[in-house]
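See below for the structure under consideration.
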Amino acid sequence: MTILYSYCDSPIGPLLLRGDGTALTGLYFSMGDKARGAGAGWHRSDADFVRVKRQLAEYFAGQRKQFEVALAPQGTPFQTSVWQALREIPYGETRSYLDIARQIGNPKAVRAVGTANARNPLAILVPCHRVIGSDGSLTGFAGGLASKRALLELESRHSGLWA
């Protein structure tokens, strides 16, 4: 299988997009502690990512609250259940790790939810930035806490729900 990639500029730094020509399989931060770069053997194809880049630009401009892009994250059944729960968090709202654990029917799996959240291969599109600590604190984020805060503040400005 050919892995395609492109980069997308954003207010929180360059984003690495990965796909297979049919669906997006990864959206990663290319700066910070958990930065990712294109892998060996990947093929650059900016044309395959025009739609997602446009939608990300609309999101960052406050004009888009939901993405309409085919996604194909690869993970365990538990991880995919967590990632699906993340996709159900409304724009401008947050949930705790405990909330997500309860939502997937496993309230004792708070740490496992945190681990699955950290392994989310589709940042922003699968909104792991909307998950916070039970006490309301911002917790780890692959793009860094400053990026997490920026994303939550962006959504706050356009929804009026988070401050």
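Each reported figure results from applying straightforward, stated rules to the coordinates on display, with no laboratory input. Just so it is clear, the structure is predicted and the values come from calculations on it, not from any experiment. Note that we place each Cβ from the backbone using ideal geometry, even for glycine, and neighbour counts take in every protein chain shown.
Helix-only arithmetic for the chain: the sum of -39500 (n - 2.57) across DSSP H runs with n ≥ 4, divided by the residue total, places the mean residue ellipticity at 222 nm at -9500 deg cm²/dmol. Among Gly75, Gly26, Gly39, the residue with the largest mean-square fluctuation in a Gaussian network model of the chain, with springs joining Cα atoms closer than 10 Å, is Gly39. Simple point charges give the picture: +1 on the Cβ of Lys and Arg, -1 on the Cβ of Asp and Glu, and for the chain a dipole about the Cα centre of about 200 debye.
Each residue of region 47-53 was assigned a 3J(HN,Hα) from its phi angle through the Karplus curve 6.51 cos²θ - 1.76 cosθ + 1.60 (θ = phi - 60°); the sequence is 4, 6, 10, 4, 4, 5, 5 Hz, with glycine and proline shown as x. Spin-label model, Ala146 to Met1: label points 7 Å out along the Cα-to-beta-carbon direction sit 3.5 nm apart.
Peptides 7-14, 65-72 ranked from most to least packed give 7-14, 65-72, packing being the mean of other C-beta atoms within 10 angstrom over each peptide's residues. Footprinting exposure proxy ranking of Ser147, Ser45, fewest other C-beta atoms within 10 angstrom first, gives Ser45, Ser147. Mind checking which aspartates and glutamates have their C-alpha under 15 Å from Lys65, skipping anything on the same chain fewer than 8 residues away? Straight-distance partners of Lys65: Glu88, Glu93, Glu153, Glu155. Judged by the ratio a/c of the largest to the smallest principal axis of the C-alpha gyration tensor, region 43-163 counts as oblate, that ratio being 1.5 or greater while a/b is no larger than b/c. Counting DSSP beta bridges with both partners in region 4-60, what percentage is antiparallel, nearest 5? Bridges in region 4-60 are about 85 percent antiparallel.
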